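In what follows, a structure is listed as structure tokens, so that the remarks can point back to it.
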Protein chains: 2
Amino acid sequence: MKKKLSDQLSEKVIINSLLKKLNFNKKGTFNFENDAAYLSATKNYKTIVTTDSITENIDFFFNDPPESVAQKLVCVNLSDLSAMGSVPMAYTLNLSLNSKININWLNRFTNRLLKLQKKYNFYLLGGDISKSLELSLSANFFGKVKSKYIISQNKCSVGDDIWVTGNLGNSYLGYRFFTNSKIKANNKDKEFYKNSYLFPVPCMFGFIASKFISAATDISDGFYGDINKILNNKVGACLIKKDFLISNNLKKIISTNRSKISIEDIFSWGDDYQLVFTANKKFKHKINVLGKKNNIKLTNVGEIIKAGGIYDDSMSLIKNPSSYDHFS
Amino acid sequence: MKKKLSDQLSEKVIINSLLKKLNFNKKGTFNFENDAAYLSATKNYKTIVTTDSITENIDFFFNDPPESVAQKLVCVNLSDLSAMGSVPMAYTLNLSLNSKININWLNRFTNRLLKLQKKYNFYLLGGDISKSLELSLSANFFGKVKSKYIISQNKCSVGDDIWVTGNLGNSYLGYRFFTNSKIKANNKDKEFYKNSYLFPVPCMFGFIASKFISAATDISDGFYGDINKILNNKVGACLIKKDFLISNNLKKIISTNRSKISIEDIFSWGDDYQLVFTANKKFKHKINVLGKKNNIKLTNVGEIIKAGGIYDDSMSLIKNPSSYDHFS
């Protein structure tokens, strides 16, 4: 029961001129001519499934570049695949479009999807287009992982190292530049952090190191909240090196804007899409080697302890670690 | 970055009190505690993927019973799985909820999902909850089918029989009763047809007969339009028995409301979720036996011909067969 979205845009136009390039001629997509599509399974592998939606005025704003919307949609999902130890294969796309969307917007959006598909090697399997008041995009992503290397979110053990990839807070500072013009920094820095917010990059280390990882999640709902998911009310965490997760440049900007930003804010904010994971201490060297080989910054930020809660380096409890609740 | 949906409803409440019953304790769902879930593949089977969204004010109205919304969401997707010859396995659910939704609504909605999951034997794999102005629900459904029995939408041959399951038009008449109070019928009939519109039932014959079917699609965008998808601008259809697709009771109602409803309207309307499929003539008997065994009405409505277009029993071209364009 679907009608034309605007004079220029019928579903046929969207599919034929914009989306078909994204199926990479894979047989299972039936060139988008079927009611459904198929995924082939590989022996000893499991198909990992994750789904995330992003909605206008919540996860992005209409005036954001369409490339940013595409990047966020792909990043939130790839990051979940990585946290399960899997490598991306394919995705389906549900586009709920409103009348503000024109062909130029969709062209820029799909070109960024294409770029990301080539970079991370996955293809569009199928989808659905509908009309709505708000622009809303959801995607189901499919990854694959050897059955024995699937990573759970909370199967860590006391004594495991806690690791974090990359730097935290870059996206948060970018967001603050958009919403508070009084934060001081030079233009080059402002540009860098705004881009970190608009164009998040998933960390695909989960697949690379799945053999050694005991539990993992991506940092999407706030660092403390995401660590809490790993702890699962069963064990605790002692974080001795969390300041190493913030770049020197970001620390400098915080120190010149003390009344406006704090380091603790950063640990309650997500959207960096780095991974936090745990691993048995015996794998420390192997993990460091994999990090170097793949040019991924890794910080061994602390370890899993028996006592529940999250503690800092002086074993003080970091109170009420806040998190957003999340269904995935 | 997701907040409380209303005072009563946090994502945690929705997941723990309403959604967890839907995962049937399947291992791959990780009890909804992971960033993603996994699907196991069976040797020689393919995983079929389909996705459909339904949106308030387009596919349903807020005052429709929540059971109807659940039924429509499941029906549109199961129907696509059936058209590919597959049997349902699992699904993911993206709920974009607005402030009108309360726990009672969600309770009724999820109870209907549970009922349908038990009837058709599939479970909830995971999902995502977000806020939006309009209520919008999308689902990704996963089915399985033996690789050699995957049905394509348009791989029919000249001489193949064209078959249609069940009756057409019941949903259309129900919709007309909702929007035009001047159509005459007795109350019992009104109730029956309104229910056909609110609670569509997918026809799962695709899996049952996949061995014999050459091409299939579900009737969701209009009978003529859906047949056109099978013909794919390569062959044509001669329909000699299409009046057999309309029940005697519906014909009676049409004849007493001649100025308001026509038989041709029915063939341009979808939402009955019956299947139209083609099969080599040599399987006629086997298909009839399977229909009887499963208590599914089957009409051998015509055959595939070389000349492009859709023709009636006197070989007159049915002009401009209309269809909605549709992605996947």
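Just a few scattered comments:
- Residue-level analysis places B:Cys156 outside the set of residues that are in contact with a Ser or Thr (Cβ under 8 Å, 6 or more places away or on another chain), assigned by TED's automatic domain parsing to the domain that holds B:Lys284, in a loop (DSSP other than H, G, I, E, B) and in contact (Cβ under 8 Å) with a residue 40 or more places away in the chain.
- If you go through segment B:131-150 and pick out every residue that is assigned to a strand (DSSP E or B), buried (at least 20 other Cβ atoms within 10 Å of the Cβ) and facing chain A (nearest Cβ under 7 Å), you end up with 3.
- Test: residue in segment A:47-59 that is on the phi < 0 side of the Ramachandran plot and either more than 9 Å from chain B (Cβ to nearest Cβ) or without any contact (Cβ under 8 Å) to a residue 24 or more places away in the chain (or both): yes
- Residue in segment A:225-239 that is β-branched (Val, Ile, Thr), touching a helix residue (DSSP H, G or I) at 6+ places or on another chain (Cβ under 6 Å) and either buried (at least 21 other Cβ atoms within 10 Å of the Cβ) or assigned by TED's automatic domain parsing to the domain that holds A:Thr50 (or both) present: no
- The residue pairs whose first member lies in segment B:88-103 and is more than 23 Å from B:Thr29 (Cβ to Cβ) and within 11 Å of chain A (Cβ to nearest Cβ), whose second member is basic (Lys, Arg) and assigned to a strand (DSSP E or B), and whose beta carbons are closer than 8 Å, counting only pairs six or more residues apart or on different chains, are B:Asn98/B:Lys131.
- Strands (runs of 3 or more DSSP E) completely within segment A:1-106 that count 1 or more residues being of a type in the set (S, T, N, Q), at pLDDT 90 or above and not assigned by TED's automatic domain parsing to the domain that holds A:Ser171: A:45-55, A:87-97
- A:Asn195 more than 14 Å from every other protein chain (Cβ to nearest Cβ), part of a helix (DSSP H, G or I), among the polar types (S, T, N, Q) and surrounded by fewer than 24 Cβ atoms within 10 Å (Cβ to Cβ): yes
- Qualifying residue in segment B:29-44 (condition: at the interface with chain A (Cβ under 7 Å from one of its Cβ atoms), without any contact (Cβ under 8 Å) to a residue 40 or more places away in the chain, over 30 Å from B:Lys148 (Cβ atoms) and among the acidic types (Asp, Glu)): yes
- Every pair of residues 6+ apart whose Cβ atoms lie under 6 Å, when the first sits in segment A:177-205 and is outside the structural domain of A:Pro65 (by TED's automatic domain parsing) while the second is of a type in the set (Val, Ile, Thr) and part of a helix (DSSP H, G or I): A:Lys184/A:Thr256; A:Ala185/A:Ile253
- When segment B:38-82 is limited to residues that are more than 30 Å from A:Asn98 (Cβ to Cβ) and within 18 Å of the chain's Cα centre (by Cα), the one that is surrounded by the fewest Cβ atoms within 10 Å (Cβ to Cβ) turns out to be B:Ile48.
The values are calculated or read from the model by the stated rules, or taken from the named source; none is laboratory data. Predicted, not measured: the structure shown is a model, and the values here were computed from it. Neighbour counts are summed over all protein chains in view; Cβ atoms, including those assigned to glycine, are modelled from backbone coordinates with ideal geometry.
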